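Before any comments, here is the structure.
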Amino acid sequence: MKKVDICESNFALGTDKVVEELEKSQEFEVEVHGCLGHCGECCETLFVLLDGEMISADSPEKLLDEINNNK
């Protein structure tokens, strides 16, 4: 099972939709944090940490694609 860490502050850009989709899957353990310490990226783009590796994209759909391509 892949671990996905998500910054709650990034929800404003659309990662809340990513959380909803990932929680439907048995392939990911999703953990939402108040802050992941990547504030520069967080205010500019959607991102998650997938097993500690940063994955980013321009839209929730693209981010989900990137996550699924890296599982």
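Throughout, read-outs are computed from the coordinates displayed, never taken from laboratory work. Since this is a predicted model, take the numbers as computed values, not measurements. No Cβ is skipped: glycine too gets one built from the backbone with ideal geometry, and neighbour counts run over all protein chains shown.
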Quick one: in region 1-31, which of the residues that are without any contact (Cβ under 8 Å) to a residue 24 or more places away in the chain and under 9 Å from the mean Cα position of the chain (by Cα) is nearest to ASP58 (Cα to Cα)? ASP16
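Conditions (1) surrounded by 15 or more Cβ atoms within 10 Å (Cβ to Cβ); (2) touching a Pro at 6+ places or on another chain (Cβ under 9 Å), marked per residue:
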{"position": "VAL4", "(1), (2)": "yes, no"}
{"position": "GLY14", "(1), (2)": "yes, yes"}
{"position": "GLN26", "(1), (2)": "no, no"}
{"position": "VAL30", "(1), (2)": "yes, no"}
{"position": "GLY40", "(1), (2)": "no, no"}
{"position": "GLU44", "(1), (2)": "no, no"}
{"position": "VAL48", "(1), (2)": "yes, no"}
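For every residue, the table says whether it meets (1) of a type in the set (Asp, Glu); (2) in contact with a helix residue (DSSP H, G or I) (Cβ under 7 Å, 6 or more places away or on another chain); (3) part of a loop (DSSP other than H, G, I, E, B).
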{"position": "VAL4", "(1), (2), (3)": "no, yes, no"}
{"position": "SER9", "(1), (2), (3)": "no, yes, no"}
{"position": "LYS17", "(1), (2), (3)": "no, yes, no"}
{"position": "GLU31", "(1), (2), (3)": "yes, no, no"}
{"position": "GLY40", "(1), (2), (3)": "no, no, no"}
{"position": "SER56", "(1), (2), (3)": "no, yes, no"}
{"position": "LYS62", "(1), (2), (3)": "no, no, no"}
{"position": "GLU66", "(1), (2), (3)": "yes, no, no"}
